[in-house]
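Student: Sharing a structure below in structure tokens format, with a few things to ask.
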Amino acid sequence: MEMEALESCGAFMEKFTLQPICSASEELPLNGLTFAVKDIFDVEGHVTGFGNPEWANTHSAATSTAPTVVSLLNAGATCVGKTVMDEMAYSINGENFHYGTPINPVSSDRVPGGSSSGSAVAVGAKLVDFSLGTDTGGSVRVPASYCGIYGIRPSHGVVSTAGVIPMAQSFDTVGWFARDLRILKLVGSVLLQSDSHSVGPSPNNIYIAEDCFKLLDSKSNYQLIDTLVNSTRKLYGSDDMIKYLSLGDYIEGNVPSLKKFMTIGTCSNVECSYIPSSLRALSCAMRLLQMYEFKENHGEWVSNVKPSLGPGIAERVQDALKTTDENIDVCRAVKAELRAALTALLGDCGILAIPTVPGPPPKLRTDTTALEGFRAKAFSLLSIAGVSGFCQVSIPLGIQDNLPISVSLLANHGSDWLLLNVVEAIHNVLQE
């Protein structure tokens, strides 16, 4: 790993080396692999910066290391540093007003995605074998898609978030990135609380959410669906397990508490008119609960310190500080109802296919108002796993018009290994 490469992509916030906590002769799953961690994880002796210099200046060095990081060190991996992130984890763009924007390794004039921007770039630029990020509203899935790599948001609550600065605990998850699916699964063998990764059931149905794919342009829509259908046909020898559905209609009919949000949070952009109303409402409920929990976690610090925050993030933080507990109980009801509804749909062995994001990464320094429609479509997709707590993997499918494209598969809460095994099977077909 060359120092010039480390410097050039802007991925790293701080470089150091934490050696594996094991004997060099031990046979361990992550022997010889390097990784980096988002600057939201505690590492003993280092300040956890949370993407903002004033946060770093007003907090002491961590007195212990996050258990997730320790687990990786115990499994033989070497940590080489902390990565840049969006301020206070409050953006999916990856542009940091204070520390700069890590360079997207696929397209340098495009955003890398956030808030786990540096972690994704470090993997995409081949500086590390894998990296840790966090995903509250999309902060692993989005940068994975934008940087053309694998990214997993595991089932909510399955991987420990101890020693990680909270953003909004109802949605916070620890996820990870890898270029190589084998490494993605190896990390899973360490972090996922299950020993069923070597064998397991096959999927019984793969549901393609047609209304979600219609949020893409028509060319990408048909290409991604064809890729999924052809891969499934080759894998399982039949079209019988492929089911098409309108996910928005299904959710509207099975999540009654969403009615409260059907008329809230309207978007004037014409692109928003294509979003199913139930998915718009789902995004609204997620955003409200996220803002409320952010305020509970960090409102006092923001009010006392009055930190300098970058464009977009400053406005979001101020909106969060204005939230009250009105409708918060309804948001939590939506979470429970959505998980029950999607569990009824997928069961233990069903897979749901959706786009990871509604299109290619936006250009750097695009005005936030110009992204209103894109963000609305993105969060309508991201809120499905976010609110239900289901696991999701973003799968890179290559390059189209010199930009990365991806698709996502989701599975029931706790079915992370089923999902990873299906992703591996599809990956193998695509490689052929």
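The values are calculated or read from the model by the stated rules, or taken from the named source; none is laboratory data. Predicted, not measured: the structure shown is a model, and the values here were computed from it. For neighbour counting, all protein chains shown are included, and Cβ atoms are generated from backbone atoms with ideal geometry for every residue, glycine included. Accessible surface areas use protein heavy atoms only, side chains included; no ligands, DNA or RNA. Shrake-Rupley method; radii C 1.70, N 1.55, O 1.52, S 1.80 Å.
Student: Within 10 Å of each candidate Cβ there may be at most 16 other Cβ atoms; applying that plus a DSSP loop requirement, which GluC sites (Glu not before Pro) in the stretch 44-116 survive? Can you show the working numbers first?
Tutor: Numbers: sites: Glu44, Glu54, Glu87, Glu95; in loops: Glu44, Glu95.
Loop-located and lightly packed - Glu44.
Student: Output the Cα-based Rg and Dmax of the stretch 59-100 in Å, rounding Rg to one decimal and Dmax to a whole number.
Tutor: For the stretch 59-100, the Cα-based Rg and Dmax read 13.6, 36 Å.
Student: List every residue whose amide H lies under 5 Å from the amide H of Lys243, counting only residues 5 or more places away in sequence or on a different chain, with H placed 1.01 Å from N in the peptide plane.
Tutor: Long-range HN contacts for Lys243: Ile206, Tyr207, Ile208.
Student: Given (i) 61, 48, 41; (ii) 53, 52, 39; (iii) 74, 50, 40 as candidate values of Cα extents along the principal axes in Å, which corresponds to the one derived from the coordinates?
Tutor: Of the listed options (i) 61, 48, 41; (ii) 53, 52, 39; (iii) 74, 50, 40, (ii) comes from this structure.
Student: Then there's this: Counting pairs of alpha carbon atoms under 8 Å apart in space and at least six apart in sequence, what relative contact order in percent does the stretch 3-192 give? Intermediate values should be presented prior to the final figure.
Tutor: Values: 482 pairs, mean separation 44.3, N = 190.
Once divided by the residue count of the stretch 3-192, the mean separation gives 23 percent.
Student: Just how far, in whole angstrom, is the stretch 46-100 from the stretch 115-147 if you go by their alpha carbon centroids?
Tutor: Cα centroid to Cα centroid, the span is 13 Å.
Student: So, one more: Counting other Cβ atoms within 10 Å, which trypsin sites (Lys or Arg not before Pro) in the stretch 141-186 have at most 16 and lie in a DSSP loop? Mind dumping the intermediate values first?
Tutor: Values: sites: Arg141, Arg179, Arg182, Lys185; in loops: Arg179.
The qualifying sites: there are none.
Student: Once the convex hull of the C-alpha atoms of the stretch 205-431 is built, how many Å³ does it hold per residue, rounded to a whole number? Provide the component values of the computation, followed by the final result.
Tutor: Numbers: hull volume 30.9 nm³, N = 227.
Spread over its residues, the Cα hull of the stretch 205-431 gives 136 Å³ apiece.
Student: Let me ask another. Could you list the chymotrypsin sites (Phe, Trp or Tyr not before Pro) in the stretch 53-102 that lie in coil according to DSSP, counting only those with at most 10 other Cβ atoms within 10 Å of their Cβ?
Tutor: Values: sites: Trp55, Tyr90, Phe97, Tyr99; in loops: Tyr90, Phe97, Tyr99.
For chymotrypsin sites (Phe, Trp or Tyr not before Pro) across the stretch 53-102 that sit outside H, G, I, E and B with at most 10 neighbouring Cβ atoms in 10 Å, the list is empty.
Student: Of all DSSP beta bridges located in the stretch 205-431, what percent are antiparallel, nearest 5?
Tutor: Details: 12 of 20 bridges.
The antiparallel fraction comes to roughly 60 percent.
Student: Send over a whole-number figure in Å² for the accessible area per residue of the stretch 3-192, probe 1.4 Å.
Tutor: Values: 5770 Å² over 190 residues.
On a per-residue basis, the stretch 3-192 sits at 30 Å².
Student: What is the mean projected area of the alpha carbon convex hull for the stretch 3-192, to one decimal in square nanometres? Walk me through the intermediate numbers first.
Tutor: On the way: hull surface 38.5 nm².
Value for the stretch 3-192: 9.6 nm².
Student: If you don't mind, there's one more thing I want to ask. In the structure shown, do any of Lys38/Lys322; Lys214/Lys234; Lys219/Lys377; Lys260/Lys335; Lys214/Lys377; Lys214/Lys243 have a Cα-Cα gap over 21 Å, and if so which? Display every interim value, and only then the final one.
Tutor: Values: Lys38/Lys322 28 Å; Lys214/Lys234 25 Å; Lys219/Lys377 17 Å; Lys260/Lys335 13 Å; Lys214/Lys377 11 Å; Lys214/Lys243 16 Å.
Lys38/Lys322; Lys214/Lys234, as the Cα separations exceed 21 Å there.
Student: Roughly how many Å is it from the Cα centre of the stretch 333-368 to that of the stretch 374-411, as a whole number?
Tutor: That distance is 7 Å.
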